[in-house]
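Trainee: This is the structure I have questions about; it appears just below.
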Amino acid sequence: MSILAALFYFFYFALIGVHVIFVPKILSMSGMSAMEIGIIFASAPLVRFAIPFMFLRGFVLNQQVFYISLILMLLGASGFYPALSHFWALLSVNILFGIGIALILPYVEVIALEHIGREKYGKIRLFGSIGFIAVALVLVRWLTTPQIGISFLIAMAMGTLILGAIIGREHTKTKNTEYDSEESVFNPLSHLYLWVGFFLMQVSFGPFYNFFTIYVTDHGLSLDTTVWLWSFGVIAEIVMFYFQGALLRRNLYVILWATAFITAFRWLVVALFPNSLALLAISQSLHAFSFALFHTASISTLFALYSARRLSQQFFFGVSYGLGGFVGALGAGLLYQHVPTYLFIGGAFAALGAAGAFYAHTRQ
């Protein structure tokens, strides 16, 4: 199962890399306006946020739904080909794609934690980071037409589907049947501070994911240097995934508020020293804590806290990367348009809010 999970993460996050990094460029090459691209990509986090609420109404993320989500993901990826020059068609296939990817990862994350455990999880999950950076380095040299980019998207989706289907089949042989019906018992409001922390933590990433390149290049760094800073952050993430096992034996709640506090410090460094390559590199090294260690601590916390394990993972991705990602992107856009010098100060305040929420959760 470890090898299958590692290969799955490689293809899944390579797929995400193509979608996030290159599909906006592909749509621009196809004639879409900036506003149209923004609307198309705003649909994905909103879908990711909305989907988990369906499962509070009796739906269950079982193997059949998982297989359907794999098919929807591939259909959505393939649909970009005929839809390239049509806004409403692109919006529809992106929503279809978003539904698929919103359901796939929570299902596999639970299987990975069941079979591998949180201490070894990082050594498997790091292959996702490798896939993300590998496809970026390869496709950046090959992306000359929209069709080439979509071909990469479809290829990564096909690999994800095949490996996901194999994992689903192998899990059937060993699964505990209690997880087929436990999804209906779930109440996120019982740990409200925890979910507020997840939301605010991802809001704090809005300036980074959407404006980091623009922000530092506006302050004098070259685009090539900025790309290397992005790559350095991913390398730090991979190193943390590999060595984080010993840290995860400690109190997970302490890790959550500590990594949120470190993230606030990271955004403060970017805000105060946007033209210092050395300090920006240090801030990127902290991605090891603010993403890699935080992510594993988050899903491990939910895995231990809730019996509805798959649904809790769905809500984690929906509340954080879905709603938090949407609000973070929108807030960052408003800050950068009206008070650009406070862009990462806003991110730092959101991360401090997350740290406070996680600390409040430990005091309940």
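Trainee: Using beta carbons and a limit of 7 Å, which pairs, at least six apart or on different chains, have the first residue in region 131-147 and under 12 Å from Lys25 (Cα atoms) and in the same structural domain as Gly17 (by TED's automatic domain parsing) and the second one modelled with pLDDT of 80 or more and not in a helix (DSSP H, G or I)?
Mentor: Hits for this filter: Pro146/Ser30; Pro146/Leu84.
Trainee: Shifting gears a bit: How many of the residues in region 212-251 are free of Cβ contacts under 8 Å to residues at least 60 places away in the same chain and either buried (at least 21 other Cβ atoms within 10 Å of the Cβ) or in contact with a His (Cβ under 6 Å, 6 or more places away or on another chain) (or both)?
Mentor: The qualifying residues number 3.
Trainee: Can you tell me which residue is nearest to Gly197 (Cα to Cα) among those in region 284-322 that are among the β-branched types (Val, Ile, Thr) and under 13 Å from the mean Cα position of the chain (by Cα)?
Mentor: Looking only at region 284-322, we keep the residues that are among the β-branched types (Val, Ile, Thr), and these are 296, 299, 301, 319.
Pick out the ones that are also under 13 Å from the mean Cα position of the chain (by Cα) and you get 296, 299, 319.
Values: Thr296: 15, Ile299: 13, Val319: 10 Å.
This residue is Val319.
Trainee: So, in region 88-99, exactly how many residues are crowded, with 23+ Cβ neighbours inside 10 Å and under 29 Å from Leu302 (Cα atoms)?
Mentor: Selection size over region 88-99: 3.
Trainee: Out of Ala354, Ala281, report the one residue that is modelled with pLDDT of 95 or more, under 19 Å from the mean Cα position of the chain (by Cα) and either of a type in the set (S, T, N, Q) or not assigned by TED's automatic domain parsing to the domain that holds Ile130 (or both).
Mentor: Working: Ala281 fails: under 19 Å from the mean Cα position of the chain (by Cα).
Residue meeting the stated conditions: Ala354.
Trainee: Among Ile104, Ile68, which is surrounded by fewer than 18 Cβ atoms within 10 Å (Cβ to Cβ) and out of contact with any Cys (no Cβ under 7 Å at 6 or more places or on another chain)?
Mentor: Details: Ile104 fails: surrounded by fewer than 18 Cβ atoms within 10 Å (Cβ to Cβ).
The match here is Ile68.
Trainee: Follow-up. Could you say whether any residue in region 97-115 is modelled with pLDDT of 90 or more, closer than 30 Å to Ser231 by Cβ and over 22 Å from the mean Cα position of the chain (by Cα)?
Mentor: no
Trainee: Looking at this structure, is Met54 within 25 Å of Phe198 (Cβ to Cβ) and surrounded by fewer than 23 Cβ atoms within 10 Å (Cβ to Cβ)? Steps first, answer last, please.
Mentor: On the way: within 25 Å of Phe198 (Cβ to Cβ): yes; surrounded by fewer than 23 Cβ atoms within 10 Å (Cβ to Cβ): yes.
In short, yes.
The values are calculated or read from the model by the stated rules, or taken from the named source; none is laboratory data. Everything quoted here is computed from the prediction, not taken from an experiment. A quick note on method: Cβ atoms are made from the backbone with ideal geometry, for glycine too, and the neighbour counts reach across all protein chains shown.
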